[in-house]
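The values are calculated or read from the model by the stated rules, or taken from the named source; none is laboratory data. Bear in mind the structure is a predicted one, so any value in this text is a computation, not a measurement. Using ideal geometry, Cβ is built from the backbone for each residue, glycine included, and neighbour counts are taken over all protein chains shown. When the accessible area is computed, the model is the full protein with side chains, heavy atoms only, and any ligands, DNA or RNA have been set aside. Shrake-Rupley method; radii C 1.70, N 1.55, O 1.52, S 1.80 Å.
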Amino acid sequence: MARPRKPLLSTDRIVETARALVDAEGLAAVSTRRLAAELGVSGPSLYNHFRTKDEILEAVADSVSGQVDLTMFEDGRDWRTALHDWAVSYRAALRDHPNIVPVLARGPGRRPAGLRLADAVYGAMVAAGWPPAQATSIGALMRYFVMGSALGSFAGGFVDDASAYDPADYPHLQQAHLLAEQQEKIDERAFETGLTALLDGLARQYEQVRRTA
């Protein structure tokens, strides 16, 4: 009887396995030895696809960038609506894979999906009438804001023990122990509040740009 065939090793399979490891255990969990064991192959076989661990992590990061929706920049939405919808999609991708955010925070480098993302945002802003320098600043600003929101939970940073907030020391934190149980709701509301404020400010700048054009 023929022995069952092992699934063929592929770049996509390596990236999917590495991404699952990063999601579950963090960046430190990824090594060529660990990946080889997870994939049921010998370590050297990975080098046919990736030369180093860093290359694998770069590919994982790019796979997450590839999950961000970019269609809002192509379907006729105005620049403000497009930026809002893109930011929501971007944050959702990072929220699903928070452990890879430190790699993404380095910038797109040579990663194809990351470069397509940057190109889409910049191109849409220039097409909407923003000067190139300001379009670059908007792309940077949005990345800072979205990535910052994905690095941790504000509400989740408070313990659910009321005794930790002695009113003698913290007279305004008497409800702080309730924040953790409403973490998702509070963090989503904070993100939307900040995003709206950011876009309102950009809209005012845009009016000035159009007046002086």
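Per residue of the chain, the DSSP helices (runs of n ≥ 4 H) give a summed -39500 (n - 2.57) that works out to -19500 deg cm²/dmol at 222 nm.
For the range 1-148, with all protein chains in place and a probe radius of 1.4 Å, 55% of the accessible heavy-atom surface sits on carbon or sulfur. Listed peptides 26-39, 55-68 appear in the order 55-68, 26-39 once ranked by packing, highest mean of other Cβ atoms within 10 Å at the front.
The calculated FRET efficiency for Arg204 paired with Asp75, based on their beta-carbon distance and R0 = 30 Å, is about 0.75.
In the context of the full set of protein chains, residues of the chain present 59 Å² of accessible surface per residue (probe radius 1.4 Å, heavy atoms only). Checking understanding here: applying a Kyte-Doolittle mean of at least 0.0 and a length along the axis of at least 24 Å (C-alpha), which whole DSSP H helices in the chain pass? Length and hydropathy pass: 132-150. Taken as Cα centroids, the range 26-46 and the range 68-134 sit 31 Å apart, rounded to the nearest whole angstrom.
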